[in-house]
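*Asks:* To start, I am sharing the structure in question, which I have written as structure tokens.
The values are calculated or read from the model by the stated rules, or taken from the named source; none is laboratory data. On a predicted model such as this, the values are computed, not experimentally measured, just so you know. All Cβ positions, glycine included, derive from the backbone under ideal geometry; neighbour counts span all protein chains shown.
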Amino acid sequence: MGQIDSVIERPMMPAMLLNRLTVVGVGGTKRAQSSSEKAVRRALCFAEALGATTHLIAGEALPDEIYDPGSRERNRQARNFVEKLREADVLIVSTPSYHGSVSGCIKNALDYVEDMRADERPYLDGVPVGVICCAMGWQAGGATLTAMRSIVHSLRGWPTPLGVIVNTQLASFNPDFECSDPAVDSQIRTMVHQAMRFADVSATAKHW
């Protein structure tokens, strides 16, 4: 048999894009240095290599108050979360899989996108979104990836063609956030390149 698709080397993007992009990474849990946080940090490393400005929202920076659509009061984490999403040309979301779906922490954070409904760019309209799911097995990872892509669609975002599942029974991340599985590392890089290529073309088209 030939190589499976996940480990086939793909052509590299140019070292620099036509536009300076802002890439926001959201992920992890309230526990620092979780697998899903390390995965989104790895994605941001690839984005920085292409010249992007990056922002990470993870751990204690994630909104910790349950989203209340009936209240206009927002704590510091929620205000910062929405502010950074408004700046994003590209969004990368990395979630752990809890009982076969998106973690409550990440879902609650994404609920705050509702505060962007009246923006000039409502919700995540037109924003390319890369999705990473970390799970202790393939079944939960697949179900969570599908759920995340549906959430992105509902928020008017554009999920990248490639989504990434990290099976934490088989793969881990070192202190430099490199994945022990080269195939997973390749997938994260490809996903970031897809998102940034789309954002770069969109940004260039606005000047036509």
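*Asks:* Going through segment 58-101 one residue at a time, which ones are surrounded by fewer than 22 Cβ atoms within 10 Å (Cβ to Cβ), β-branched (Val, Ile, Thr) and within 26 Å of Ile188 (Cβ to Cβ)?
*Replies:* If the condition is that a residue be surrounded by fewer than 22 Cβ atoms within 10 Å (Cβ to Cβ), β-branched (Val, Ile, Thr) and within 26 Å of Ile188 (Cβ to Cβ), then Val82 is the only one that fits.
*Asks:* Additional query: For residues that are in contact (Cβ under 8 Å) with a residue 40 or more places away in the chain and charged (D, E, K, R), scanning just segment 180-195, find the one that is surrounded by the fewest Cβ atoms within 10 Å (Cβ to Cβ).
*Replies:* Ranking the candidates gives Asp185 first.
*Asks:* Got a sec? Which of Phe173, Phe177 is in contact with a helix residue (DSSP H, G or I) (Cβ under 7 Å, 6 or more places away or on another chain), surrounded by 22 or more Cβ atoms within 10 Å (Cβ to Cβ) and under 18 Å from Lys38 (Cα atoms)?
*Replies:* Details: Phe177 fails: surrounded by 22 or more Cβ atoms within 10 Å (Cβ to Cβ).
Testing whether each residue is in contact with a helix residue (DSSP H, G or I) (Cβ under 7 Å, 6 or more places away or on another chain), surrounded by 22 or more Cβ atoms within 10 Å (Cβ to Cβ) and under 18 Å from Lys38 (Cα atoms) leaves just Phe173.
*Asks:* So for segment 124-134 (the condition being of a type outside the set (Val, Ile, Thr), at pLDDT 95 or above and closer than 15 Å to Pro96 by Cβ), does at least one residue qualify? Quick ask: steps written out before the conclusion?
*Replies:* Step one: list which residues in segment 124-134 are of a type outside the set (Val, Ile, Thr), which gives 124-126, 128, 130, 133-134.
Subset that is at pLDDT 95 or above: 124-126, 128, 130, 133-134.
Next cut, closer than 15 Å to Pro96 by Cβ only: 133-134.
The answer is yes; a qualifying residue exists.
*Asks:* In this structure, is Glu60 farther than 27 Å from Asn174 by Cα and of a type outside the set (A, V, I, L, M)?
*Replies:* Values: farther than 27 Å from Asn174 by Cα: no; of a type outside the set (A, V, I, L, M): yes.
No, not satisfied.
*Asks:* Follow-up question, since we're still on this one. Can you name the residue in segment 118-145 that is touching a helix residue (DSSP H, G or I) at 6+ places or on another chain (Cβ under 7 Å) and part of a loop (DSSP other than H, G, I, E, B) and, of all such residues, is surrounded by the most Cβ atoms within 10 Å (Cβ to Cβ)? Let's see the steps before the verdict.
*Replies:* If we filter segment 118-145 for residues that are touching a helix residue (DSSP H, G or I) at 6+ places or on another chain (Cβ under 7 Å), which is where we start, we get 119, 122-124, 126, 128-135.
Adding the requirement that they be part of a loop (DSSP other than H, G, I, E, B) leaves 119, 122-124, 126.
Values: Asp119: 13, Pro122: 13, Tyr123: 18, Leu124: 22, Gly126: 14.
Only one residue fits best here, namely Leu124.
*Asks:* Output the residues belonging to segment 146-170 that are surrounded by 16 or more Cβ atoms within 10 Å (Cβ to Cβ) and not in a loop (DSSP other than H, G, I, E, B).
*Replies:* Of everything in segment 146-170, those that are surrounded by 16 or more Cβ atoms within 10 Å (Cβ to Cβ) and not in a loop (DSSP other than H, G, I, E, B) turn out to be Ala147, Met148, Arg149, Ile151, Val152, Trp158, Pro159, Val164, Ile165, Val166, Asn167.
*Asks:* If a residue must be hydroxyl-bearing (Ser, Thr, Tyr) and modelled with pLDDT of 95 or more, how many such residues does segment 181-208 contain? Give the derivation first.
*Replies:* Here is the first cut: in segment 181-208, the residues hydroxyl-bearing (Ser, Thr, Tyr) are 186, 190, 202, 204.
Checking the rest, the ones that are also modelled with pLDDT of 95 or more come to 186, 190.
Qualifying residue count for the region: 2.
*Asks:* Now a separate question. For Gly100, which of the numbered conditions (1) in contact with a helix residue (DSSP H, G or I) (Cβ under 7 Å, 6 or more places away or on another chain); (2) within 21 Å of Pro159 (Cα to Cα); (3) modelled with pLDDT of 95 or more fails to hold?
*Replies:* Status for Gly100: all satisfied but (3).
*Asks:* Still on this structure, please answer the following. Identify, from the list Ala203, Ala199, the residue that is surrounded by 19 or more Cβ atoms within 10 Å (Cβ to Cβ), within 28 Å of Arg20 (Cα to Cα) and of a type outside the set (Val, Ile, Thr).
*Replies:* On the way: Ala203 fails: surrounded by 19 or more Cβ atoms within 10 Å (Cβ to Cβ).
Result of the check over Ala203, Ala199: Ala199.
*Asks:* So, one more: If you go through segment 101-135 one residue at a time, how many are over 16 Å from the mean Cα position of the chain (by Cα) and of a type in the set (A, V, I, L, M)?
*Replies:* Residues flagged as over 16 Å from the mean Cα position of the chain (by Cα) and of a type in the set (A, V, I, L, M) within segment 101-135 amount to 2.
*Asks:* Considering only segment 39-60, state which residues are modelled with pLDDT of 95 or more and under 19 Å from Gly104 (Cβ atoms).
*Replies:* Listed by number, the residues that qualify are Ala39, Val40, Ile57, Ala58.
*Asks:* Among the numbered criteria (1) closer than 20 Å to Leu62 by Cα; (2) at pLDDT below 95; (3) of a type in the set (Gly, Ala, Ser), which single criterion is violated by Gly137?
*Replies:* Every listed condition holds for Gly137 apart from (1).
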